[in-house]
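Novice: One structure coming up, written as structure tokens, with questions to follow.
The values are calculated or read from the model by the stated rules, or taken from the named source; none is laboratory data. The structure presented is a predicted model; accordingly, all values stated were derived computationally and were not measured. Note that each Cβ is placed from the backbone with ideal geometry, even for glycine, and that neighbours are counted across all protein chains shown.
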Amino acid sequence: MGEVKMRVIDGRGQDTRRKLLALIHMGKKEMGLDEDSYRRMLRHLTGKNSCKDMEIRELNHVLNYMVVVGRFKPGKGYANYEIAMAERLKRDAREILGPNWEKRLRGLCRKLTGVEAVEWLHHQQLRQVWGALRKIEEQEKRNERRLSRR
């Protein structure tokens, strides 16, 4: 597929939604999909006939499908925010959780969401795990301060 320059789209608000909708419609045109084929694809992927009824997670799924299956190249501004967010989460987990961080992160994900792999988490689950990771970091900082006072 070639490397796409990642720019993090934070996944909140109408701005992200508009960007995803624009990319999907550019993909539809570039792939040469007629209206019936396009609607059939949307129904197959999300169970919905229109992008306007979709959540950001579903729009992202449609766009990823178009990139992988349809060979649509959205350009350098495109970033799958969930993938970028998962990568940032892993980077932070490495620093916060220390040795054996991968196993500890998988366990944390499993405990909080029921899903073991960070890559399989959707936006809300990623935020949930990130919040727990921040609490762990704060707790460890408090413990370090207590130990340094002794």
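Novice: Please count how many residues of the range 100-141 are among the small types (Gly, Ala, Ser) and on the phi > 0 side of the Ramachandran plot.
Specialist: 1
Novice: Given the conditions (1) in a helix (DSSP H, G or I); (2) modelled with pLDDT of 90 or more, which single one is not true for ILE83?
Specialist: Evaluating ILE83 over (1) in a helix (DSSP H, G or I); (2) modelled with pLDDT of 90 or more leaves (2) as the failure.
Novice: Now a separate question. Collect the residues in the range 2-20 that are at pLDDT 70 or above and either surrounded by fewer than 14 Cβ atoms within 10 Å (Cβ to Cβ) or over 16 Å from the mean Cα position of the chain (by Cα) (or both), keeping them in residue-number order.
Specialist: Within the range 2-20, ASP15, ARG18 meet the criteria.
Novice: Applying the selection to the range 103-121, what residues are under 25 Å from ARG57 (Cα atoms) and surrounded by fewer than 17 Cβ atoms within 10 Å (Cβ to Cβ)?
Specialist: Of everything in the range 103-121, those that are under 25 Å from ARG57 (Cα atoms) and surrounded by fewer than 17 Cβ atoms within 10 Å (Cβ to Cβ) turn out to be ARG106, GLY107, ARG110, LYS111, LEU112, GLY114, VAL115, GLU116, ALA117, GLU119, TRP120.
Novice: Quick one: what pairs do we get from the range 103-132, first residue among the acidic types (Asp, Glu), second surrounded by 17 or more Cβ atoms within 10 Å (Cβ to Cβ) and modelled with pLDDT of 90 or more, C-beta under 6 Å, 6+ apart or different chains?
Specialist: If the second residue must be surrounded by 17 or more Cβ atoms within 10 Å (Cβ to Cβ) and modelled with pLDDT of 90 or more, the pairs left are GLU116/CYS109.
Novice: Test TYR78 against the criterion of being of a type in the set (Ser, Thr, Tyr), at pLDDT 80 or above and either surrounded by 13 or more Cβ atoms within 10 Å (Cβ to Cβ) or not assigned by TED's automatic domain parsing to the domain that holds ILE24 (or both), and give yes or no.
Specialist: Taking the combined requirement at face value, the residue does not satisfy it.
Novice: Among ALA93, ALA117, which is touching a helix residue (DSSP H, G or I) at 6+ places or on another chain (Cβ under 8 Å), modelled with pLDDT of 90 or more, aliphatic (A, V, I, L, M) and closer than 26 Å to GLU140 by Cα?
Specialist: Criteria check complete, one pass: ALA93.
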